[in-house]
Amino acid sequence: MAPAENKGCNLSTALARRVVTVVVVLCAATPSVASAQTLTNTAKLIGGAALGLALHESAHVAADFASGVSPGIKKVTFGPFPFFAITHESVSPGREFVISSAGFWMQEAVNEILLTTHPELRNDDEPVLKGLFAFNILTSFGYAGAAFARAGPVERDTRGIAQSADVDEPVIGALILAPAVLDTMRYFGVRNRWVVWGSRAAKIGGALLVVKAAR
Ligand SMILES: [Zn+2]
């Protein structure tokens, strides 16, 4: 019996060893697989945010060319952060309104497309789109804050919009903030049609100020 017991004992030892090995390997592998995935997802999120920045700036550039002015680039600072601004020669208020608004129009249109084509974006495995969406929302929040405080570089979009439309800059801040808040609610699953259409109306309403600027 002793050999059998020994054998049994060895078998369970072997099994136990194998289980421990599997557990150890799993324990070692799981976090590294998870962190590799986290790393990839983070890189994709950042890529999406960079895409958002590129889209915002290229909208200004496209509006510049559409207005017949050549865009320039200028280093500016936003608080402690060095940044750049797309600049242009002075143009009529109507054109200035369009050029300064173009970045926000791009963000708001892209978010509208994202929320319409991906109503469950928050639960979707789409890190690039999430990064893009987050950039658009956070940029609007940041600009709204700058507009309320009337702070930041003179080239800031909200100042250009406010001056060309002859509206107080904080009002422009509110027009930028409203769709960002409503789109955030939509992202977190609020399907209420007042929220959805309120967001769309705020976006269109902000763009309609172009009539005031062009007068
Ligand atoms: Zn801009």
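Bear in mind these aren't lab numbers, they're just calculated from the coordinates by the rules spelled out. In this text the structure is predicted, and so the values were computed from the model without any measurement. For neighbour counting, all protein chains shown are included, and Cβ atoms are generated from backbone atoms with ideal geometry for every residue, glycine included.
What is the diffusion coefficient of region 40-214 in µm²/s, taking the Kirkwood radius over Cα pairs and the Stokes-Einstein relation at 20 °C with a viscosity of 1.002 mPa s? Approximately 130 µm²/s, per Stokes-Einstein.
Each Lys and Arg contributes +1 and each Asp and Glu -1, all at the Cβ; summed about the Cα centre of region 40-214, the dipole is approximately 240 debye.
Placing pseudo-labels 7 Å out from each Cα toward the beta carbon at THR40 and SER58 gives an inter-label distance of 2.6 nm.
Considering only GLY103, PRO170, SER92, and ranking their Cα positions along the charge dipole of region 56-215 that arises from unit charges at the beta-carbon of Lys, Arg, Asp and Glu, the one farthest toward the positive end is PRO170.
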